[in-house]
Each structure stands twice: as C-alpha cells, then as structure tokens.
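Take a look at the structure below.
The values are calculated or read from the model by the stated rules, or taken from the named source; none is laboratory data. Note that the structure is a prediction, hence the values are computed from the model and not measured. Because the Cβ atoms are built from the backbone with ideal geometry, glycine has one as well, and the counts that use them run over all protein chains shown. Remember, those area values only see protein heavy atoms, side chains included, never the ligands or the DNA or RNA. Shrake-Rupley method; radii C 1.70, N 1.55, O 1.52, S 1.80 Å.
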Amino acid sequence: MAGTGTASEPIDVVPMRMAHLEGVLGLGFQLFDVSKMPYTSWSLSSVAGHLDAQPGACWVAERNGEVLGFVLGSMSFDEREDWGYLEWIGLAPSVQGRGVASRLVEACCQALFEAGAARIITDVEQGNEASARMMRRNGFGEGVTVTLFARPRPDDFGRGRTSHVRSRPYDPARARLRTVARTTGPQAEQ
C-alpha cells in the first residue's frame with residue numbers, strides 16, 4: 001500500500017464499511033503469516049463475517065481513504081454469549097507507537113460492552129511483547145495460557161514453510177470485490 005498522506009495528517013478511527021474490505025484484507029495479508037496458526041483463518045470470508053455479524057465492533061484507522069489499521073470483534077467466544085472477542089487487530093508499521101491501536105481497541109471494546117459483553121477476550125501471539133503491553137495498557141490482563149501444538153503434513157517435514165500453502169492465496173471473491181471497489185469507491189457510501 002502506498003502512503004497517501006504525511007505523518008502530520010490526522011489518522012481517523014471510523015466504523016468499518018464495505019468500502020474498507022479490500023484495504024483491511026490486504027493489510028492483514030501483509031501483517032499475518034497465513035501459512036501458520038492462528039492466521040490460517042485470515043480470509044475475505046472471515047473479515048466479511050465479522051462485519052456482517054457485529055458491524056459495531058469493526059473499526060478502521062484511515063488517512064485520506066487509506067486503511068492503516070483495523071480491529072474486528074464479535075459477540076462470540078467459546079459458546080459464551082456474554083463474552084465479546086477482540087479477534088483481529090492489525091496496524092501498518094508506519095503508524096505503530098502513536099496510540100492508534102489503543103484507539104481501535106477502545107472503539108471495539110465500547111461497542112462490545114454496549115452489545116452486552118460482560119467480559120472481552122483477546123489473544124496475543126507468544127513473543128509479541130509490543131501487543132501484550134498495548135493490551136495491558138488497555139485494561140486486559142493475562143488469563144489462561146494455552147500452547148498450540150501443530151503437526152505438519154508428513155510430506156512437509158524438514159521443509160520449513162509448508163509447500164502446499166501459498167503465502168497469499170488466490171481468492172476469486174477478493175478479485176471480484178476489487179473490481180466492485182474500483183467502480184464504486186468509498187464515495188459510494190457517503
């Protein structure tokens with residue numbers, strides 16, 4: 001994504017709309033290694049599912065129409081109807097350390113509490129100390145720790161990255177979305 005603004009221009013945190021889908025999906029593909037857990041579920045259907053199920057808990061950080069960050073939340077965590085789940089958050093490296101992630105977290109949490117959440121759950125990848133510190137600053141505390149064990153396909157042992165998984169899979173739905181976004185643009189929602 002090419003930068004469309006200067007560092008001095010404000011970054012707005014706004015509710016996510018359909019016009020943001022491509023930017024959110026693309027930024028996620030830049031930030032998440034979709035060949036390993038838990039990022040293997042990052043997809044257009046995952047993003048759209050959050051926007052469809054809990055639009056109030058989906059927010060983007062943008063400057064001049066460019067998506068620089070996002071948060072996706074929902075009111076579904078492990079069969080608990082009263083727990084919200086801040087499932088996805090991503091921020092372009094160029095705007096990290098400026099409080100933008102905290103603004104996204106606050107917007108998502110406020111929406112989930114308003115939707116009836118008694119508690120909001122999130123998870124942070126082991127070793128991601130910057131995200132862990134940010135979550136602590138925003139009122140989250142460590143709870144249960146779980147270690148995810150993964151077993152690669154037998155024919156992939158010793159190869160490192162799984163050979164059958166493309167780092168950026170071709171998604172026909174995303175290609176169609178891109179075409180629609182080009183013809184309608186963000187101004188179509190105004």
Within 10 Å, count the other beta carbons around each residue, average over each peptide in 25-31, 112-118, and list them highest first.
25-31, 112-118
How much length is gained if the chain between Arg80 and Thr147 is pulled fully straight, taking 0.36 nm per residue apart and subtracting their Cα-Cα distance, in nm to one decimal?
22.0 nm
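Given a 1.4 Å probe, how much area per residue of the stretch 45-161 is accessible, in Å²? Each step should come with its number before you reach the end.
Details: 6950 Å² over 117 residues.
So the stretch 45-161 comes to 59 Å² accessible per residue, rounded to a whole number.
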